[in-house]
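This report concerns only the one structure given below.
Every read-out reported here was derived from the displayed coordinates using simple, explicitly stated rules and does not represent laboratory data. Fair warning: this is a prediction, and the values are worked out from it, not measured in the lab. Virtual Cβ from ideal backbone geometry, glycine too; neighbours counted across all protein chains shown.
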Amino acid sequence: MRTRVITSTLAGAALIAAALPSPATASTADRSGTARASVGYNVVIAGTVSGRSFRRSATLVLRSTVTRVTTNGVNPVDVCLKSGFPGGAPQVGAIWYGSNSACFRSTAALDMTYVRTNGNTATVSPDSRISASGSNNFTATGSLTSCIYFPTEGGASYTFHNDGTVSGRISIRGFGGYPCGYSTYNATLSGRRG
């Protein structure tokens, strides 16, 4: 188990190092005072949700591991995607999809997903056991009665390029409870370090 954590940490550190501008100066400190590297991207998401087309601006943040206390494996990096405010101001394609609840200013720092890295690519898949917490969510309409869907399957893949750009694909299925049922969110993503 310890070998897996060390390997995961090294893979995450390599991805962060590749994504950070040189010299690496982007960092924040957590409550323990530990420096955490992070880099933000301004991105555009384009796709469909429940068959409705959308094109939206978003932010994507790649950061070093937030928490090592988890039931689904330590994330080698944490990835935070945010567009709009699905839970408070529903819009077609609005989405919060982060690997940790700390992505959205939660003090709980709950590990929400499975994260794998391969070279400069991070893949984020929802942990369906935790999806009902509501940290990750998306909406398919802009009405006040819009259903809020919690990702339960699928995932997102983000590739961080050496020229400061990022590209990716999101393909998730979410559950909105009764009477909403399921919704599918499919999109591509591209942008540049901000």
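Summary of values
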item: For q = 0.10, 0.11 Å⁻¹, Debye-computed log10 I/I(0) when each Cα of the range 38-193 counts as one equal scatterer; result: -0.30, -0.37
item: Mean separation of Cα contacts under 8 Å (6+ apart) over length of the range 38-193, as relative contact order %; result: 22
item: Scaled radius of gyration (Cα, divided by 2.2 N^0.38 Å) that the range 133-194 gives; result: 1.34
item: Cα-centred dipole magnitude for the range 38-193, charges only on beta-carbon of K, R (+1) and D, E (-1), debye, nearest 20; result: 240
item: Net charge, Val92 excluded, C-beta distance under 14 Å - Lys, Arg +1, Asp, Glu -1; result: +3
item: Distant-in-sequence amide H partners of Gly142 (H built 1.01 Å from N, under 5 Å); result: Val92
item: Distant-in-sequence amide H partners of Thr65 (H built 1.01 Å from N, under 5 Å); result: Asp78
item: Cleavage-rule hits, trypsin sites (Lys or Arg not before Pro), the range 67-144, DSSP coil, Cβ neighbours within 10 Å at most 15; result: Arg68, Arg105, Arg129
